[in-house]
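Here the structure comes first, spelled out in structure tokens, and everything after it is commentary.
The values are calculated or read from the model by the stated rules, or taken from the named source; none is laboratory data. Note that the structure is a prediction, hence the values are computed from the model and not measured. Note that we place each Cβ from the backbone using ideal geometry, even for glycine, and neighbour counts take in every protein chain shown. With ligands, DNA and RNA removed, areas are computed over all heavy atoms of the protein, side chains included. Shrake-Rupley method; radii C 1.70, N 1.55, O 1.52, S 1.80 Å.
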Amino acid sequence: GDWCYFNDTVNGVLRMLAPTTYAAGILATLAPQRSSLNKQLLNLIGTQSSLAHQVYSSAQIAQIRGAGLDVIANNSPGGAYFSCRTGANTSNNAVINGDNYTRMTNFLAFTIAAGMGYVVGELQTPQQRRDAKTTLDSFLLNLYRQGMIGDVNNPGSQYAFQTILDASNNPESQVALGFETAQVNVKYLSVITDFLVNLQGGQSVQITPRTQGA
């Protein structure tokens, strides 16, 4: 529900489009680690709700997100513009229920699958393992340098990803059957869904000056 309206200037009529049309459009322009949440959507005249002068409350937005749904609305956190208001996927796990999680996971999986296909058919040797690990590390390091992965509280590539490809995760029984396993752990950057400000004001508030650079 809550479809979007756009002005068809060719035929001189207002047309209704499913919200997914605009959501898919904005996601197509964003890098995989980015969320559709609060990104301005253009060329909308309104939605069924906005044209009826109905505004989603904070409680309603929270309920929509909790249900794994999204909605396009004009009461955006960043101002008076239309945007996706939850940026959610259908997961009920709050840690992975952003659309960025789905897109980033698919991006990593498909890219690694396409880039590591050359390994199949090679002999499993110490050098081959080192080469394969280097390929994975180089790819992930490049993502870190582009600001696509990382740990905001622990800056440094060593906290952004880890790859394991050695005897610890490739036992002899597995090697004998022709399997080679690489364990890849990647830290995704968090999308801000709520921005909290703790404000203390008044004539009796005491301010302790901070030294420059602190």
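When the stretch 1-50 is examined, which residues are found to be part of a loop (DSSP other than H, G, I, E, B), of a type in the set (A, V, I, L, M) and either touching a Leu at 6+ places or on another chain (Cβ under 6 Å) or open to solvent by less than 60 Å² (accessible area, probe 1.4 Å) (or both)?
Within the stretch 1-50, the subset part of a loop (DSSP other than H, G, I, E, B) is 1-3, 9-12, 18, 30-36, 38-39, 41-45.
Narrowing further to those that are of a type in the set (A, V, I, L, M): 10, 18, 30-31, 41-42, 44-45.
Those that are part of a loop (DSSP other than H, G, I, E, B), of a type in the set (A, V, I, L, M) and either touching a Leu at 6+ places or on another chain (Cβ under 6 Å) or open to solvent by less than 60 Å² (accessible area, probe 1.4 Å) (or both): A18, L30, A31, L41, L44.
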query: part of a helix (DSSP H, G or I) and either modelled with pLDDT under 95 or among the hydrophobic types (A, V, I, L, M, F, W, C) (or both) - does that describe any residue in the stretch 163-181?
result: yes
- prompt: Q206 versus (1) touching a strand residue (DSSP E or B) at 6+ places or on another chain (Cβ under 8 Å); (2) over 25 Å from I96 (Cβ atoms): which is the lone unmet condition?
  reply: (1)
Among (1) open to solvent by 60 Å² or more (accessible area, probe 1.4 Å); (2) in contact with a strand residue (DSSP E or B) (Cβ under 6 Å, 6 or more places away or on another chain); (3) under 30 Å from G1 (Cβ atoms); (4) not hydrophobic (A, V, I, L, M, F, W, C) - the single one K133 does not satisfy: (3)
- request: Test V71 against the criterion of being open to solvent by 60 Å² or more (accessible area, probe 1.4 Å) and β-branched (V, I, T), and give yes or no.
  value: no
- request: Within the stretch 84-92, identify whether any single residue is open to solvent by 40 Å² or more (accessible area, probe 1.4 Å) and more than 30 Å from D166 (Cα to Cα), and answer yes or no.
  value: yes
- prompt: Can you find a residue in the stretch 192-210 that is in contact (Cβ under 8 Å) with a residue 12 or more places away in the chain, out of contact with any Phe, Trp or Tyr (no Cβ under 7 Å at 6 or more places or on another chain) and of a type outside the set (S, T, Y)?
  reply: yes
task: Note down all Cβ pairs under 8 Å where the first residue falls in the stretch 118-130 and is free of Cβ contacts under 8 Å to residues at least 40 places away in the same chain, the second is open to solvent by 90 Å² or more (accessible area, probe 1.4 Å) and of a type in the set (D, E), and they're at least six residues apart or on different chains.
output: Q128/E122
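Please specify each residue of the stretch 52-110 satisfying the condition of being assigned to a loop (DSSP other than H, G, I, E, B), of a type in the set (A, V, I, L, M, F, W, C) and touching a residue at least 60 places away in the same chain (Cβ under 8 Å).
Start the filter on the stretch 52-110 by keeping residues that are assigned to a loop (DSSP other than H, G, I, E, B), which leaves 52-57, 67-71, 77-78, 85-87, 89-97.
Then keep just the ones that are of a type in the set (A, V, I, L, M, F, W, C); that gives 52, 55, 67, 69, 71, 94-96.
Once the filter is applied, which keeps residues that are assigned to a loop (DSSP other than H, G, I, E, B), of a type in the set (A, V, I, L, M, F, W, C) and touching a residue at least 60 places away in the same chain (Cβ under 8 Å), the stretch 52-110 yields only V71.
Would you be able to say whether some residue in the stretch 147-165 is over 30 Å from G87 (Cβ atoms) and surrounded by 13 or more Cβ atoms within 10 Å (Cβ to Cβ)?
Just the residues of the stretch 147-165 that are over 30 Å from G87 (Cβ atoms), to begin with: 164-165.
Checking the rest, the ones that are also surrounded by 13 or more Cβ atoms within 10 Å (Cβ to Cβ) come to 164-165.
Taking every residue of the stretch 147-165 in turn, at least one turns out to be over 30 Å from G87 (Cβ atoms) and surrounded by 13 or more Cβ atoms within 10 Å (Cβ to Cβ).
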field: Among (1) at pLDDT 95 or above; (2) closer than 19 Å to D194 by Cβ; (3) open to solvent by 30 Å² or more (accessible area, probe 1.4 Å), the one test that A62 misses
entry: (1)
